[in-house]
1. Quick check: is even one residue across segment 281-296 in a helix (DSSP H, G or I), surrounded by 16 or more Cβ atoms within 10 Å (Cβ to Cβ) and within 24 Å of the chain's Cα centre (by Cα)?
2. Checking Arg19 against (1) open to solvent by 60 Å² or more (accessible area, probe 1.4 Å); (2) not in a helix (DSSP H, G or I), which single condition isn't satisfied?
3. What number goes with the only condition from (1) in contact with a strand residue (DSSP E or B) (Cβ under 8 Å, 6 or more places away or on another chain); (2) closer than 25 Å to Arg288 by Cα; (3) open to solvent by 40 Å² or more (accessible area, probe 1.4 Å); (4) away from the ligand (no atom under 13 Å from the Cβ) that Asp202 does not pass?
4. Within segment 150-164, is even one residue charged (D, E, K, R) and free of Cβ contacts under 8 Å to residues at least 12 places away in the same chain?
5. Going residue by residue through segment 102-110, is there one that turns out to be open to solvent by less than 40 Å² (accessible area, probe 1.4 Å), within 16 Å of the ligand (Cβ to nearest atom) and outside any loop (DSSP other than H, G, I, E, B)?
6. Go through segment 148-160 and count every residue that is out of contact with any Phe, Trp or Tyr (no Cβ under 9 Å at 6 or more places or on another chain), surrounded by 24 or more Cβ atoms within 10 Å (Cβ to Cβ) and not hydroxyl-bearing (Ser, Thr, Tyr).
7. State whether the residues of segment 168-179 include one that is among the polar types (S, T, N, Q) and within 13 Å of the ligand (Cβ to nearest atom).
Amino acid sequence: MQAQTHATTVFLSATDMVRLVRRVGLSACIAGVAERIEREFLRWHEFDKSARVAAYSERGVIELMPIADASRFAFKYVNGHPGNHLIGLPSVMAFGALADVDTGAPRFLSELTLTTAIRTAAMSALATRQLARADSRSMAIIGNGAQSEFQAITFRDLVGVRELRLFDVDRGASDKLAANLSGQGFDLRVCASAADAVRGADIVTTLTADKARATILTARMIEPGMHVNAVGGDSPGKTELEADVLQTASVFVEFEPQSRIEGEIQQMPADFSVTEFWQVLAGTHPGRRTASEVTVFDSVGFALEDFAALSFMRECAERQGLGTVVALVPQMDDPKNLYALLREPASNGADGSVRAPAPADC
Ligand code: NAD
């Protein structure tokens, strides 16, 4: 890779990200991102945090997720369009950047679609490791689309899950998941219904995409001691759990102001009690208190997870010599002379008169 100056940016394309994850190994990337998320969450008070900015439409949402500490600023652009598969696009697509706070210069611009799947799974597993019963080995996965392999492999590596029960309204998605995970150390079963998949599971992960107030899990399906990793309900009007599931559980969220708008808890009164997960990591909240307690991680995805993932991928790309140095910002000898980049020999009339140009036909 060409040397980077303080005015250039490293661009990591989707092709380069695939190369990076293949070279480093998916499990090693997941472990690295999880370790980085944990480290950044322990610096919770050092970040300038805000709920994401969203543009909602009939078919989906487009969001911007900014965050900064004293030295780095990060943002992610991400969408959620559950019907996209009908036109050959993923439901979730993302890219993002890291910039220097001291100068504002963008230093790293990266694909984040693959990275989002990795960071979401890493975040889910970090929460589950703290909140599920320590002897948890079985997991139901409801919704077997793009995120599901990443969740399964991460829960195998970081939580010790060995038994999976899969359910999706699209049987083809479950068959794809089962095929992708075969020979990877799982005891797998494709189930006929969500209730069938959930019955007897230690952990339930919901990963459905539907722009609706869905009830993937009802209170009747929940058994004492279960941990629910609710990932798919992440936007206003888009939920997966019946409100009664939350009513009787201990609920943990990423960043409360954002989760109140986007998470499962959007269904609950404003004073419904929740705990921000960083408190569990920091040891100021015990997390799970009893073996029979039901815990819910109401995941919506928070900018700090992307900050951590971008930082990790940037370092990996540098070590692997991947990425292209690009001039996202014009390179100038005199930074006050931006116009010099466009200056051409004078084209005025011989008499010095100025001709009004015709509108450009680009
Ligand atoms: P995807 O479209 O690839 O897969 C979603 C799957 O859900 C599809 O296979 C679909 O058939 C299935 N599904 C829809 N309704 C269902 C139902 N009622 N019961 C069972 N299955 C059902 O989407 P994806 O990329 O895997 O993302 C899954 C969800 O996770 C999306 O809602 C996405 O917005 C969300 N997400 C959240 C985070 C986060 O940080 N919380 C991050 C990434 C994605």
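The values are calculated or read from the model by the stated rules, or taken from the named source; none is laboratory data. Fair warning: this is a prediction, and the values are worked out from it, not measured in the lab. Note that each Cβ is placed from the backbone with ideal geometry, even for glycine, and that neighbours are counted across all protein chains shown. The accessibility values were calculated without ligands, DNA or RNA, using every heavy atom of the protein model including side chains. Shrake-Rupley method; radii C 1.70, N 1.55, O 1.52, S 1.80 Å.
1. Yes.
2. Status for Arg19: all satisfied but (2).
3. (3)
4. Looking for residues that are charged (D, E, K, R) and free of Cβ contacts under 8 Å to residues at least 12 places away in the same chain, one finds none in segment 150-164, hence no.
5. No, every residue in segment 102-110 fails to be open to solvent by less than 40 Å² (accessible area, probe 1.4 Å), within 16 Å of the ligand (Cβ to nearest atom) and outside any loop (DSSP other than H, G, I, E, B).
6. Number of matching residues: 2.
7. yes
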